[in-house]
Every structure is written in structure tokens, then in C-alpha cells.
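Enquirer: Sharing a structure below in C-alpha cells format, with a few things to ask.
We did not get these values from a lab; they are worked out from the coordinates using the rules stated. Please read all numbers here as calculations on a predicted model, not as lab measurements. Cβ coordinates were reconstructed from backbone atoms using ideal geometry, including for glycine residues, and neighbour counts include every protein chain displayed.
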Amino acid sequence: MGLGNRSCQGEWRDEDKTVLVHCVQAERRTPAIAAAYLAERTGLSGNEAFNAVTRTLPGTRVNRAFMEALMRLWPHHREVGVS
């Protein structure tokens with residue numbers, strides 16, 4: 001999950017394009033990428049974003065390394081787009 005991927009997804013969504021994120025079973029990688037996108041774009045903490053994804057994808061399985069990255073990169077809820 002590199003910064004380039006986050007940037008591309010955001011740019012495409014800003015252009016109102018649909019972005020499909022998929023891996024074979026959508027258990028670890030797909031939810032992690034979706035949570036990173038949510039955290040970055042909505043201001044949720046990594047944990048809040050992961051929980052939101054888990055509600056949508058109930059088959060989500062925790063990958064410790066992905067969760068650590070989410071918590072390190074987005075440790076707290078924050079306001080987004082406030083001028």
C-alpha cells in the first residue's frame with residue numbers, strides 16, 4: 001500500500017470515476033486499501049475506518065501488519081476540509 005496508490009484513488013474519485021479494489025478473497029488486502037482510503041479522505045482514524053469496512057465486508061480478516069500501518073498513518077480522528 002504505497003502513497004502512489006492512495007494518490008491515484010483519490011484523484012480518480014475526485015474525477016467522479018469508479019475505483020474497483022479487488023484481491024482474490026477480499027479478506028485482507030482489499031479491506032486494508034479501502035480503510036486507508038476512508039481514513040485519508042474522511043478523517044476517520046485507521047481503526048474507525050477498518051471497522052467501517054468490516055461492517056460492509058463481514059468476511060474481513062485482520063492482518064496485523066496492515067492494522068499497524070493503519071494505526072501508525074491515521075492514529076486519530078481528524079477534521080477534513082475545514083477552512
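Enquirer: Give me a comma-separated list of calculated 3J(HN,Hα) values for the stretch 28-38, in order, Karplus coefficients 6.51, -1.76, 1.60 applied at θ = phi - 60°, integers in Hz, x for any Gly or Pro.
Expert: Those phi angles translate into 10, 5, 4, x, 5, 5, 5, 5, 4, 4, 4 Hz.
Enquirer: A further question on this structure: FRET efficiency for Val62 and Val19, Cβ-Cβ distance as r, R0 = 22 Å, nearest 0.05?
Expert: Given R0 = 22 Å and the Cβ-Cβ separation, E is 0.40.
Enquirer: Which of Gly43, Val21, Pro58 sits closest to the plus end of the dipole of the chain, meaning its Cα is farthest towards the positive end, when Lys and Arg get +1 and Asp and Glu get -1 on the C-beta?
Expert: Result: Pro58.
Enquirer: Once the other residues with Cβ under 11 Å from the Cβ of Arg28 are scored (Lys, Arg +1; Asp, Glu -1), what is the net sum?
Expert: Residues close to Arg28 contribute a combined charge of +2.
Enquirer: For the chain, with only Lys/Arg (+1) and Asp/Glu (-1) charged at the beta-carbon, what is the dipole magnitude about the Cα centre, in debye rounded to 20?
Expert: Here the chain has a charge dipole of around 340 debye.
Enquirer: Here's a follow-up. What is the distance, in nm, between label points placed 7 Å from the Cα along the Cα-to-Cβ direction at Glu11 and at Arg78?
Expert: 2.2 nm
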